[in-house]
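One structure is given here, and the rest of the page talks about it.
Every read-out reported here was derived from the displayed coordinates using simple, explicitly stated rules and does not represent laboratory data. Treat the numbers as computed from the prediction; the structure is a model and nothing was measured. In this analysis, Cβ positions are derived from the backbone assuming ideal geometry, glycine residues included, and neighbour counts consider all displayed protein chains.
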Amino acid sequence: MSERDTHMAELREIVAEVLELEPEEVADTADFVEEYEADSLRAIEILARIEKKYKVEIPQAELNEMRSLKAVHEVVARHAGWQD
Amino acid sequence: MRLEHGELRTLLPHRYPMLLLDRVDSVEPGVSLEAVKAVTGCEPCYSGIAEGQAPDRYAYPASLLIESFGQGAAVLWLLSRGPGTTGLPMFTAARDCVLLRQVYPGDVIRHRVRLEQVVHGAAFAAGSSWVGTDQVAEFGSMMAVVRPADAIAERKR
């Protein structure tokens with residue numbers, strides 16, 4: 001498994017838990033709000049879990065961008081310095 | 001640090017019948033807190049119960065137990081904030097909470113609360129509740145967000 005695959009799997013796990021879905025239900029590009037009825041509180045919860053797991057700080061302004069698993073990965077990679 | 005009931009009332013906006021904490025026995029701001037809630041037969045949740053019900057009809061409602069723990073978490077968060085910070089915590093999510101045994105009138109619940117994370121105007125707490133040496137609940141993650149006090153409710157004078 002590449003590093004990107006590992007990160008994606010970990011992030012998928014976090015998103016699925018917060019949105020109360022099975023990990024395989026979370027598609028890479030599905031919009032959290034439109035597809036899974038997420039709200040701003042769930043978004044903050046996802047952000048908080050990611051910050052705790054990877055010990056990284058992500059500005060709250062990035063929340064608007066973090067609307068799909070793929071987008072979340074891009075934002076986290078940028079702030080955590082992942083070379084995925 | 002110990003907080004008597006009157007001091008809790010200066011911190012929490014909750015009042016009868018929803019102030020579900022009696023005392024804080026110890027608190028280390030930013031880290032942990034131990035709080036006490038005594039359950040009595042006088043609680044409003046027991047009024048209006050017909051005579052002759054099964055004993056478990058008097059089990060303390062899980063929703064109130066969780067709220068009581070959450071109020072402990074709120075006190076911990078409020079005491080952990082920097083001076084001049086305003087706003088009230090609003091309970092928004094509970095995850096991985098397990099109720100292990102029923103609580104009945106006469107039981108004194110002790111909540112052991114840990115503050116896990118404070119970030120982006122949200123706080124996450126975890127911990128457990130005990131009656132004597134019996135654990136009655138485990139709280140994996142309790143989330144609250146801060147909201148302006150005047151946006152929640154105007155306090156009655």
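Okay, here's what the table says:
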item	result
Sorted by Cβ density within 10 Å, fewest first, the residues A:Trp82, B:Trp77, B:Trp130	A:Trp82, B:Trp130, B:Trp77
Helix-derived mean residue ellipticity, 222 nm - over chain A, DSSP H n ≥ 4, -39500 (n - 2.57), to 500	-18000 deg cm²/dmol
Trypsin sites (Lys or Arg not before Pro) restricted to region B:84-156 and DSSP loop, no more than 11 other C-beta within 10 Å	B:Arg155, B:Lys156
Cα centroid separation, region B:19-45 to region A:51-84 (Å)	38
Sorted by Cβ density within 10 Å, fewest first, the residues A:Lys55, A:Lys70, B:Lys37	A:Lys55, A:Lys70, B:Lys37
Backbone N under 20 Å from the B:Glu138 label point (7 Å along Cα→Cβ), restricted to region A:25-51	none
Karplus (6.51, -1.76, 1.60) ³J(HN,Hα), θ = phi - 60°, over region B:142-148, in Hz, Gly and Pro reported as x	10, 10, 9, 10, 8, 10, x
Inter-site label distance for A:Glu25 and B:Glu4 at 7 Å from Cα along Cβ, in nm	5.1
DSSP loop GluC sites (Glu not before Pro) with at most 15 other Cβ within 10 Å excluded, longest remaining stretch of chain A	A:58-84
Residue of B:Ala59, B:Ala137, B:Ala126 that the Gaussian network model of chain B assigns the largest fluctuation, springs spanning Cα pairs under 10 Å	B:Ala59
Placed amide H near A:Ala30: partners under 5 Å, 5+ positions off or other chain	A:Leu69
Hypothetical label at B:Ser32: residues of region B:77-92 whose amide nitrogen lies under 16 Å (7 Å Cα-Cβ projection)	B:77
Label-point separation, A:Glu74 to B:Ser47 (7 Å along Cα→Cβ), nm	5.7
For chain A, Kirkwood radius (reciprocal of mean inverse C-alpha pair distance, Å)	12.6
Percent of C-alpha pairs per 5 Å bin, the protein assembly as shown, short to long	1, 6, 13, 15, 16, 13, 12, 10, 7, 4, 2, 1, 0, 0
Helix B:62-80 axis, angle to chain B major axis (alpha carbon atoms, nearest 10°)	30
Efficiency of FRET from Cβ geometry, A:Asn64 and B:Ala62, R₀ 35 Å, rounded to 0.05	0.45
Karplus (6.51, -1.76, 1.60) ³J(HN,Hα), θ = phi - 60°, over region A:68-84, in Hz, Gly and Pro reported as x	8, 4, 4, 5, 4, 4, 4, 5, 5, 4, 4, 7, 8, x, 6, 9, 5
Sequence of B:Val27, A:Val33 once ranked by neighbouring C-beta atoms within 10 Å, starting from the fewest	A:Val33, B:Val27
Theoretical ellipticity at 222 nm over chain B - DSSP helices of four or more residues, -39500 (n - 2.57) apiece, nearest 500	-5500 deg cm²/dmol
Residue-wise HN-Hα coupling along region A:35-43, computed from phi with Karplus coefficients 6.51, -1.76, 1.60 (Hz; x: Gly, Pro)	8, 10, 6, 6, 10, 5, 5, 5, 4
Average beta-carbon neighbours from other chains, 10 Å sphere, peptide A:47-59	2
Loop sites in region B:1-50: GluC sites (Glu not before Pro), DSSP, at most 14 other Cβ within 10 Å	B:Glu4
Computed E for B:Thr40/A:Lys52 - FRET, C-beta separation, R0 41 angstrom, nearest 0.05	0.60
